[in-house]
Amino acid sequence: MFIIRDGDQEVGMIWLAQRSNEKGFICDVNIWEGNQGRGYGKQAMKELELVAKKLGLKSIGLHVFGHNQIARGLYEKLGYIETDILMEKKI
């Protein structure tokens, strides 16, 4: 787990779990209110990739809710692709 900072100010957190020798998983990314939309999440994810490479990981997974278009757009821009789709219908 890493605290995302801008100078001395804490602006969020990101949590990477190592699932195997080659696979990591981002359990949580949280940019705190008032700090969103400033590129902190994007930069944190790029830096997390460097950490993952140093650990010898070959891939990083994550979960994103389908309705979270902002997060989905960010992840797609960073090169993440859909690997599974869960669907639901209210009845």
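The values are calculated or read from the model by the stated rules, or taken from the named source; none is laboratory data. Just so you know, these numbers come straight off a predicted model, no measurement behind them. In this analysis, Cβ positions are derived from the backbone assuming ideal geometry, glycine residues included, and neighbour counts consider all displayed protein chains. Accessible surface is based on the protein model in full, side chains and every heavy atom, while ligands, DNA and RNA are left aside. Shrake-Rupley method; radii C 1.70, N 1.55, O 1.52, S 1.80 Å.
Out of curiosity, is N21 polar (S, T, N, Q), open to solvent by 100 Å² or more (accessible area, probe 1.4 Å) and without any contact (Cβ under 8 Å) to a residue 40 or more places away in the chain?
Answer is yes for this residue.
Where the second residue is in a helix (DSSP H, G or I) and not β-branched (V, I, T) and the first is within 18 Å of K23 (Cα to Cα) and open to solvent by less than 100 Å² (accessible area, probe 1.4 Å) and lies in segment 33-55, which pairs have Cβ atoms under 9 Å and are six or more apart or on separate chains?
Sorted first by the residue in segment 33-55, then by its partner, the pairs are M45/L74; M45/Y75.
Examine segment 24-32 for a residue that is without any contact (Cβ under 8 Å) to a residue 12 or more places away in the chain, surrounded by 16 or more Cβ atoms within 10 Å (Cβ to Cβ) and either assigned to a loop (DSSP other than H, G, I, E, B) or in contact with a strand residue (DSSP E or B) (Cβ under 8 Å, 6 or more places away or on another chain) (or both), and state whether such a residue exists.
So the first thing to find is which residues in segment 24-32 are without any contact (Cβ under 8 Å) to a residue 12 or more places away in the chain, and the list is none.
Within segment 24-32 (the criterion being without any contact (Cβ under 8 Å) to a residue 12 or more places away in the chain, surrounded by 16 or more Cβ atoms within 10 Å (Cβ to Cβ) and either assigned to a loop (DSSP other than H, G, I, E, B) or in contact with a strand residue (DSSP E or B) (Cβ under 8 Å, 6 or more places away or on another chain) (or both)), the answer is no, since none of the residues qualifies.
Applying the selection to segment 73-84, what residues are in a loop (DSSP other than H, G, I, E, B) and in contact (Cβ under 8 Å) with a residue 12 or more places away in the chain?
Hits for segment 73-84 are L78, Y80, T83.
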